[in-house]
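Input: a single structure, listed below in structure tokens.
Nothing in this text is a laboratory measurement; each read-out follows from the coordinates by a stated rule. The model shown is predicted, which means the values in this text are computed figures rather than measured ones. Note: ideal-geometry Cβ built from the backbone for every residue, glycine included; neighbour counts use all protein chains shown.
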Amino acid sequence: MARMTAPVRVAVVGSGPAGLYAAEALVKQAGGEVRADVFDRLPTPYGLVRYGVAPDHPSIKSIARYLQKVLEHPAVRFFGGVELGRDLTREQLLDCYDAVIYSTGAMVDRQLGVPGEDLPGSVAATDFVNWYCGHPDAADHTFDLSAEEVAVIGVGNVAVDVVRVLAKTPEDLRHTDVPEHVLEALGRSRVRRIHMVGRRGPAQAKFTTKELRELGALDNASVHVRPGDMELDPASAALAESDRHVRGNVKVMADWTAGEVAGKPRRIDVRFWRAPVEILGTDRVEGLKLEHTRLDETGRVTGTGEYETLPVGLVLRSVGYQSVPLAGVPFDERAHVVPNDGGRVLGPDGTPLPREYVAGWIKRGPTGVVGTNKSDAAETVRNLLADLAARPPGVGRPEHTVEEVLEAGCLPVVTYADWLNLDAAEIALARSLSRGERVKLARWDAMRQACRPER
């Protein structure tokens, strides 16, 4: 790679795994010639590692320790509490930086598109996950856990996380980082039966085998699948035979076709081959109507005309994430990603826009695991650095610094040192409550106060 005019400045919008892996790749690939400023609208870094990974999965959450080293690199700075479109425009970022990488992830749930979806008690799993993970946007959300039966629509790992949290006792979660008000609300839960609903069969479910084993090992709940739901059509049987992952899932779930397990106060029913067609109720959710399904000769899901109704008082949909548009940035409304070629943002005519790039879910859609973002970000950064190296000397260099813009707007930026104050406050709170490693502060005012305790 040709030597660039150094140091160049790159803005990274989003401090989740994709953004911080991009910052790491910038520092490593450029050999000290790049300075990366990482922006996030929240006062906290780490994105879905902090607000999406289930609280009872500490090994996955430990990825934050690795990402912390990226933020502590002398060539990387953290600007928390800064939102693109509200505090900084796309044009201002491009005016202050040699290049910009957008890595804001996928933040909302897909809709079911069925009647009754807007009833109180019909909610996105994202909102529920944000609530129990202590996201400040969800701190004051309330979920009616007074119903004895609830439904979780979806057969992926997020759905499993939601089901597991609903099935556990507050004591099970006491040593996690779940906020205190969430722990108290879960302690008042009257939920006794949880239905997890999938349109396809066990061979097509998106679970990981580890998550399934964890669900089946719960002390507080037994797990059940109807024997008929585990019958595999020839295509599904062939998939289970050829795919080790699918084969492992089917084997675990086959053990759940046994009868009732005595002594467990909660029950989880995994219902395959059922599609939601209507959420029932007048003023709030009172039931969920399902149509039985099958795979047609082309492998597509089709209805059978046979229906059943579940008497649930809460419906949580977990049928996939999608990204939302960023102010002024091109966006594909059908694919819900920023159109790009290897991370280079594409304009309406399909040609790359100068100095704009994407990484993570907003680049490729909500696929892969946390570690997938590392290779994804590396590809984007390779293309970015190649483009900068090919730029004529002095052309397109920033006109201003971001500090000038932020100071002009009197914006109270959260620095990395401020975040460390918040981090320390959560650790101290856990110690005072005799809980685990940390207890999250979830409300905006408490987080801001913890960032700057002297003010």
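Annotations for the structure displayed:
- Applying the criteria of a DSSP loop state and at most 16 other Cβ atoms within 10 Å to the trypsin sites (Lys or Arg not before Pro) of segment 271-334 yields 284, 300, 334.
- Ordered from longest to shortest, the equivalent ellipsoid semi-axes for segment 109-321 are 27, 21, 16 Å, each the square root of 5 times a Cα gyration tensor eigenvalue.
- Percent of Cα pairs exceeding the 43 Å cut-off, where the set is the chain: 20 percent
- Within segment 21-84, the proportion of C-alpha pairs whose separation exceeds 14 Å stands at 60%.
- Likely footprinting exposure, 250, 413, 277, fewest C-beta neighbours within 10 Å first: 277, 413, 250
- Summed over qualifying helices (DSSP H, 4 residues or more, each -39500 (n - 2.57)) and divided by its residue number, the chain shows a 222 nm mean residue ellipticity of -9500 deg cm²/dmol.
- Among the GluC sites (Glu not before Pro) found in segment 49-138, those both in a DSSP coil and sparsely packed, with 12 or fewer other Cβ atoms within 10 Å of their Cβ, are 72.
- Counting only DSSP beta bridges with both residues in segment 109-321, the antiparallel share comes to about 40 percent.
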